[in-house]
1. Please verify whether Cys156 is touching a Gly at 6+ places or on another chain (Cβ under 6 Å) and touching a residue at least 60 places away in the same chain (Cβ under 8 Å), treating the condition exactly as stated.
2. Within the group Leu65, Leu80, which residue is among the hydrophobic types (A, V, I, L, M, F, W, C), open to solvent by less than 10 Å² (accessible area, probe 1.4 Å), at pLDDT below 80 and not in a strand (DSSP E or B)?
3. For the stretch 122-133, state whether one or more residues are touching a residue at least 60 places away in the same chain (Cβ under 8 Å), surrounded by fewer than 20 Cβ atoms within 10 Å (Cβ to Cβ) and not in a helix (DSSP H, G or I).
4. When the stretch 172-216 is examined, which residues are found to be outside any strand (DSSP E or B) and buried (at least 19 other Cβ atoms within 10 Å of the Cβ)?
5. So Glu182 clears everything in (1) out of contact with any Cys (no Cβ under 6 Å at 6 or more places or on another chain); (2) under 19 Å from Trp214 (Cβ atoms) except one condition, right? Which one?
6. For the stretch 223-233, indicate whether the set of residues that are open to solvent by less than 10 Å² (accessible area, probe 1.4 Å), closer than 17 Å to Leu80 by Cβ and in a loop (DSSP other than H, G, I, E, B) is non-empty.
7. Specify which of the listed residues (Thr116, Thr107) is in contact (Cβ under 8 Å) with a residue 60 or more places away in the chain, of a type in the set (S, T, N, Q) and not in a loop (DSSP other than H, G, I, E, B).
8. So for the stretch 4-16 (the condition being modelled with pLDDT of 50 or more, surrounded by fewer than 19 Cβ atoms within 10 Å (Cβ to Cβ) and not hydroxyl-bearing (Ser, Thr, Tyr)), does at least one residue qualify?
Amino acid sequence: ALVKGAAVGALVELTQQEAIATLRKAVGDVDGTTVQLAEMTEEQLRAAFDYFDEDGDGIVTEEKLASSLQTLVSSLSPELIEKKLSTIQSSAKGQVTFEEFQLWWETSFGQESPVTFITSQQEFQAILDDPFPSAGQEGRDSPVVLEVGFSFCRPCKRFEPKYEEYAERYTSLRFVRMNGNENEGTIKFCKEDLQVRKTPSFFVFRGGKQVLSWTGANEDVFMSNLLKASPELQPADE
């Protein structure tokens, strides 16, 4: 019985791994090319949606979206995915078309999202070079706040909704999140460049240079460090 149970467990795990590989391949995360959530093209979004749409009827349920997104972006907690899905605007309750999915994705993970989820050092460097491209030269000195977590880090996932709230409140700062064990590139970036030893780890950059770092999901410490790194933040922002 134990052997049979272990075999079933291994089969389930294998099936999940195959599903992850299939989905990531569909959106281009293969052969060293990582999925950049904020930069996914319409073609990639269509490929992901078609993967979610198992019966091919052009409709995906919110329940299916929730489970599939957890597969695609392992760094997102179920709670944060649920929060983001609560903002989706669908014509039929609980059922989402591709057009509705695309619009929701752009506001939840694209350029309009308060927190940018990255999957590579190159993506982060582009943000450091120009935190707010639409603001021109004025936006280039804006502070960049980076949170590094891991897919298995419970405190990281518990802090996600609060991190989003800070990002929505302090729009003069660019908030970024990265899953340290997302791929080989992020593992190397965390170990060699950021020297992450504990998660969640937070970093503040200004003018492309790191000015502050700390660890732990403590709201008071987080706010105190934001004010240290960005003295221009006023109580009125709260």
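The values are calculated or read from the model by the stated rules, or taken from the named source; none is laboratory data. Computed from a predicted model, the values in this text were never measured in an experiment. Backbone-built Cβ (ideal geometry, glycine too); neighbour counts: all protein chains shown. Note: accessible area is taken over every heavy atom of the protein model, side chains too, but ligands, DNA and RNA are not part of it. Shrake-Rupley method; radii C 1.70, N 1.55, O 1.52, S 1.80 Å.
1. So Cys156 fits the description; yes.
2. After ruling out the rest, the residue left standing is Leu80.
3. No, the stretch 122-133 contains no residue that is touching a residue at least 60 places away in the same chain (Cβ under 8 Å), surrounded by fewer than 20 Cβ atoms within 10 Å (Cβ to Cβ) and not in a helix (DSSP H, G or I).
4. Those that are outside any strand (DSSP E or B) and buried (at least 19 other Cβ atoms within 10 Å of the Cβ): Leu173, Gly180, Glu182, Thr186, Phe189, Cys190, Leu194, Val196, Thr199, Pro200.
5. With respect to (1) out of contact with any Cys (no Cβ under 6 Å at 6 or more places or on another chain); (2) under 19 Å from Trp214 (Cβ atoms), Glu182 is out only on (2).
6. No.
7. On inspection, the qualifying residue turns out to be Thr116.
8. Checking the stretch 4-16: not a single residue is modelled with pLDDT of 50 or more, surrounded by fewer than 19 Cβ atoms within 10 Å (Cβ to Cβ) and not hydroxyl-bearing (Ser, Thr, Tyr).
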